[in-house]
Amino acid sequence: MKPPEITLNDIEEILSLTIKGDNANKLALFLAMLSAFTDDSQINVALNAPSSTGKTYLATEVAKLFPSDSIIQLSNATPTALFYGESTFDEERNAKTIDFERKILMFLEQPDSFLQANLRPLLSHDQKELVYHRTNRSSRGENRADKIIIKGFPATVFCSANSKLDEQETTRTLLLSPESSPLKVEQAVDQALLKSYDPKRYQERIDNDEKRNALKRRIVEIRDLRIDNIKISDPDMVRTAFQETVGTWQPRHTRDINKLLNLIKAIALLNPWHRQKDDGSYEANESDIKSGVELWRSVSEAQRFGVNPFVLDFYKTYIVEPFSRLPSDKRACGISRIEISNCYLEHNGFNINGNYLIRQILPSLIKAGLLTEAKNPLDKRQYSYIPQITSEEMSKFIANTRREQIVAKIRHHK
């Protein structure tokens, strides 16, 4: 008997048992982990935001739905540590082999930048087997070259408070940031209080939830099917929707389109018993495409600009909006760090960490081409910042930001 079809709304309801808010983030993260059980359609995720916003909690809570033997979880790793972990020895090729096929590789802290550089061919799915040669010291103190073969492609999750991402990482990963709205914080506090009142009962309620347990069983069954590839039933529909989100074609879009395609394939993977064709192949239908496109729209803006959503929201709310209120004759002077900080204080009731603003947020926006920095012509001791976007895009940013704030207030009052 075929398991019943399941939708993203069902997944969202199950995830909401332990994760409040963050609907698009938790769905995208869940699908990324599920994509591990494909042949070569795995999704890489970078969860970037300031500390205490719930990056690690979000990743580990979603991971609890997946079989533990499919997850490789690392708190941190040196540039070569990954190459000397659990492995087997291939005598024929005189090499250590590390099998990442159909695995979920999670870094709960920002890995070393050199390790990320080493992983780029793996994240790009360049080859099914990657051969590395690494120098190692023997027990007698002699240097020797080790041959290491990495097999298969894992779905990867990187959690980091570092917003200064290399462009090579931003094009290879789906950029996400946990929400930091007052409503989400309030819900998280209420959940923490509920859990502390009776931890045993709280955990029993989660462990005994029928829908959650059914989903965990479904994931194991999907993994064991070992599906290789999922076809897209209507590529033209995907192309049209994708171009609407990206505007003018850019080189990075050759990778971004694969992020959308892999989201759609992961959605289809939720219901393989209903997506199998007469010839034994699997195909994502129109419903899967529509769900994938809708989810992509909610996360695509950050991918388009190559900065994480937290930094992009900061840009819209505390830089673009106050800049738009300046008289046209004063816009050439831009806005100062003090004005940006004051705007943040006005909105939130507390000051932003100045070091984080100077070392993380502003450099990320400048590197992405969204902001220029120059000496203030009226005060050479100060720097000023000017948004580098069109007036039309500026108006769109402001309209979207205000709409999000109104929606958040309505939800809060409910």
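When the C-alpha to C-alpha distance is required to be over 21 Å, the pairs from Lys26/Lys259; Lys55/Lys151; Lys64/Lys231 that qualify are Lys55/Lys151; Lys64/Lys231. All other residues whose Cβ lies under 14 angstrom from that of Arg223 are scored, Lys and Arg at +1 and Asp and Glu at -1, for a net of 0. By the compact-protein rule of thumb, 2.2 N^0.38 Å, the alpha-carbon radius of gyration of region 150-217 corresponds to a ratio of 1.65. The 3J(HN,Hα) values that the Karplus relation (6.51, -1.76, 1.60; θ = phi - 60°) gives for region 223-234 are, in residue order, 4, 6, 5, 6, 6, 8, 9, 10, 7, 9, 6, 9 Hz. Gly and Pro appear as x. Computed FRET efficiency, Cβ-Cβ of Met237 and Lys367, R0 35 Å: what is it to the nearest 0.05? Working from the Cβ atoms, E equals 0.55. On the basis of the beta-carbon distance and an R0 of 56 Å, Ser281 and Leu193 show a calculated FRET efficiency of 0.65. Need one word for region 1-94: rounded, prolate or oblate. Basis is the Cα gyration tensor (sqrt eigenvalues a ≥ b ≥ c); a/c below 1.5 gives rounded, then a/b vs b/c decides. Judged from the Cα gyration tensor, region 1-94 comes out oblate (a/c at least 1.5, b/c at or above a/b).
Centre-to-centre separation between the Cα atoms of region 2-39 and those of region 144-214: 12 Å.
Near Gln73, the amide H atoms lying under 5 Å from its own belong to Met106; only residues 5 or more places off or on other chains count, and H is placed 1.01 Å from N. Positive contributions from Lys and Arg (+1) and negative ones from Asp and Glu (-1), summed over other residues with Cβ under 13 Å from the Cβ of Tyr318, come out at -1. Considering only Gln116, Ile352, Ser281, the residue lying farthest towards the positive end of the dipole of the chain is Ile352, judged by Cα position with unit charges set on Cβ. Whole-Hz Karplus values for region 157-165 come out as 10, 10, 9, 7, 8, 7, 8, 8, 8 Hz, taken residue by residue from phi with 6.51 cos²θ - 1.76 cosθ + 1.60 and θ = phi - 60°; glycine and proline positions read x. Glu346 versus Leu378, label points 7 Å from Cα toward the beta carbon: distance in nm? About 1.5 nm, to one decimal. Remark: spin-label model distance Ala332-Asp126 equals 4.9 nm, labels positioned 7 Å along the Cα→Cβ axis.
Amide H contacts of Gln388 (H built 1.01 Å from N, in plane; Pro and chain starts excluded): Leu371, Thr372 sit under 5 Å, all sequence-distant by 5 or more or on other chains. Relative contact order, percent, of region 288-406 when contacts are C-alpha pairs under 8 Å separated by at least 6 residues? With pairs under 8 Å counted, the relative contact order is 29 percent. Placing +1 on the Cβ of every Lys and Arg and -1 on the Cβ of every Asp and Glu, with nothing else charged, gives region 288-360 a dipole about its Cα centre of roughly 200 debye. Select one label from (1) 71, 59, 52; (2) 66, 65, 56; (3) 58, 49, 47: the one whose number is Cα extents along the principal axes in Å as derived from the coordinates shown. Matching entry in (1) 71, 59, 52; (2) 66, 65, 56; (3) 58, 49, 47: (1).
Each pair of Cα atoms in region 317-389 enters the Kirkwood radius, and Stokes-Einstein at 4 °C and 1.567 mPa s then converts it into a translational diffusion coefficient of 103 µm²/s.
Summing charges over all other residues whose Cβ lies under 9 Å from the Cβ of Ile14, with Lys and Arg as +1 and Asp and Glu as -1, gives -2.
Throughout, read-outs are computed from the coordinates displayed, never taken from laboratory work. Just so it is clear, the structure is predicted and the values come from calculations on it, not from any experiment. As a convention, Cβ positions derive from the backbone with ideal geometry for all residues, glycine included, and neighbour counts pool all protein chains shown.
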